[in-house]
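Novice: Got a structure for you, written out below as structure tokens; questions coming shortly.
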Amino acid sequence: MALGISQVELGRAIGVRFQQVQKYESGVNRVSASRLWMIAETLDLHISHFFEEEPLLPSPLSKPFRRPANSGKTRDEQATKELIDFFTDLSAEQKHAVLTIIKNMSARSHPSRSKIDIEG
């Protein structure tokens, strides 16, 4: 909680569970560029903060870019991102079960797709 925000709060703000934040902090998992940008925005830091030995002093040019409110992701894009984030934390067996469910649901909503072979 060095910057006044807990791992749980940071995780919520960037759309991951706190365990994922712990993995980022410990170096177990890599942080994508887009996720790093979200972290920087949440912590009100310039993205270069993560690449410098010494943090930058506040200046007008070091303020993070803020997207206009209406330029955010669509609900489908956000749902897809969340699905992928949660999916990566599952075991191989759980991933197979989730894929089975999704493929069967997709086959039912698209009658032209007969039952999909899920082995593989």
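Novice: Apply the Karplus parameterisation 6.51 cos²θ - 1.76 cosθ + 1.60, with θ equal to phi minus 60°, to every residue of the range 15-24 and state each ³J(HN,Hα) to the nearest whole Hz, in sequence, with x for glycine and proline.
Specialist: These are the phi-based 3J(HN,Hα) values: x, 10, 7, 4, 5, 5, 4, 4, 5, 4 Hz.
Novice: When ranked by the protection proxy of mean other Cβ atoms within 10 Å per residue, highest first, what sequence do the peptides 16-28, 94-106 form?
Specialist: Going by the mean number of other Cβ atoms within 10 Å, highest first, we get 16-28, 94-106.
Novice: Another question, then. Using the Karplus curve 6.51 cos²θ - 1.76 cosθ + 1.60 with θ = phi - 60°, what ³J(HN,Hα) values do you get for each residue of the range 75-84, in whole Hz, with x for Gly and Pro?
Specialist: 4, 5, 5, 5, 5, 5, 4, 5, 4, 5
Novice: Here is a follow-up. Under a point spin-label approximation (7 Å from Cα along Cα-to-Cβ), what is the Arg30-Ser106 distance to one decimal in nm?
Specialist: 2.5 nm
Here, each number is a calculation from the coordinates, and none is a lab measurement. All figures in this text were calculated on a predicted structure; none of them were measured in a lab. Reconstructed Cβ throughout: ideal geometry from the backbone, glycine too, with neighbour counts over all protein chains shown.
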